[in-house]
1. I'd like the distance between the alpha-carbon centres of region 1-52 and region 98-152, rounded to an integer number of Å.
2. Which of these, VAL166, VAL48, VAL104, has the largest mean-square fluctuation under a Gaussian network model of the chain (Cα springs below 10 Å)?
3. Determine one quarter of the surface area of the Cα convex hull of region 102-141, which equals its mean projected area, and express it in nm² to one decimal.
4. Work out how much length LYS78 to LYS147 would gain on full extension: take 0.36 nm times their residue separation and subtract the Cα-Cα distance, in nm to one decimal.
5. With springs only between Cα atoms under 10 Å, which of PHE161, PHE140, PHE56 fluctuates most in a Gaussian network model of the chain?
6. Which whole-number value in Å² is the accessible area per residue of the chain, probe 1.4 Å?
7. I'd like the GluC sites (Glu not before Pro) in region 113-198 restricted to DSSP loop residues with at most 10 other Cβ atoms within 10 Å, sorted by number.
8. Find out how many positive minus negative residues lie around LYS7, taking Lys and Arg as positive, Asp and Glu as negative, among other residues whose Cβ is under 15 Å from that of LYS7.
Amino acid sequence: MKIKLLKIALSLSLSILSIILYKKNPSRLRKNVMIAMCLSTLADTFMVNVYGIGDFSTYIGAVFFMSAHIILALSFIKESKIKKYKLVNKAFNIGLISVILLSVLLGILACLVPETPQIIMYLLLLVYIGVICFNLVCQFSYAYNEKGLRYFLILAMSLFFISDYVIFLSMVNVIAEHNFIVWLTYIPAQALIIIFNS
């Protein structure tokens, strides 16, 4: 119970930080990052099963997370269009290729490592991976165009993907759950997006 409360407290503090930064320096991008972070905190409450509804809680949390990823991706696309940046660039391509290769690896592991191949779970995860990839390549692209401190967005989304990838590996029974690694990468990822988006 204490671990659950700590996780929620960490997530909630990030949402509060996003609200403070938006109020201090309002912008369209900061507003959308704030909304996405609040959705992520809501997702976290379901992911740690605060409401006691069992495995179904994970699916509700995933929907809120996907919504947050889509909001972020669309926000960075809009900012890129306003600034007349090219969306498909070197960083976009690196991000896309990396996610595709890691997705293929996940599929291979899901078929070879568990006693029973986890094909259906893998196919379901591909939907979620597609949404994360959408956000990842948009932030990679924006960071590459903006340069400077915005490069932290590339680090942020890389950490975010590592965090989720560890979860994916446990969901297809390749590894046991490693919540420590997940939260060790997830919290810095969110913090970097909140601080360095603009």
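1. Centre-to-centre (Cα) distance: 23 Å.
2. Top of the fluctuation ranking is VAL104.
3. Details: hull surface 11.1 nm².
For region 102-141, averaging the hull's shadow over all directions gives 2.8 nm².
4. Between LYS78 and LYS147, full extension yields an extra 23.1 nm.
5. Sorting by GNM fluctuation, first place goes to PHE56.
6. Numbers: 10260 Å² over 198 residues.
Normalised by residue count, the accessible surface of the chain is 52 Å².
7. Working: sites: GLU115, GLU146, GLU177; in loops: GLU115, GLU177.
Taking region 113-198 and a limit of 10 other Cβ atoms within 10 Å, the loop GluC sites (Glu not before Pro) found are GLU115.
8. Numbers: positive: LYS2, LYS4; negative: ASP44, GLU177.
So the surrounding residues net to 0.
The values are calculated or read from the model by the stated rules, or taken from the named source; none is laboratory data. Since this is a predicted model, take the numbers as computed values, not measurements. FYI the Cβ positions are ideal-geometry reconstructions off the backbone, even for glycines, and counts take in every protein chain you see. Quick note on the areas: whole protein, heavy atoms, side chains included, nothing else; ligands and nucleic acids left out. Shrake-Rupley method; radii C 1.70, N 1.55, O 1.52, S 1.80 Å.
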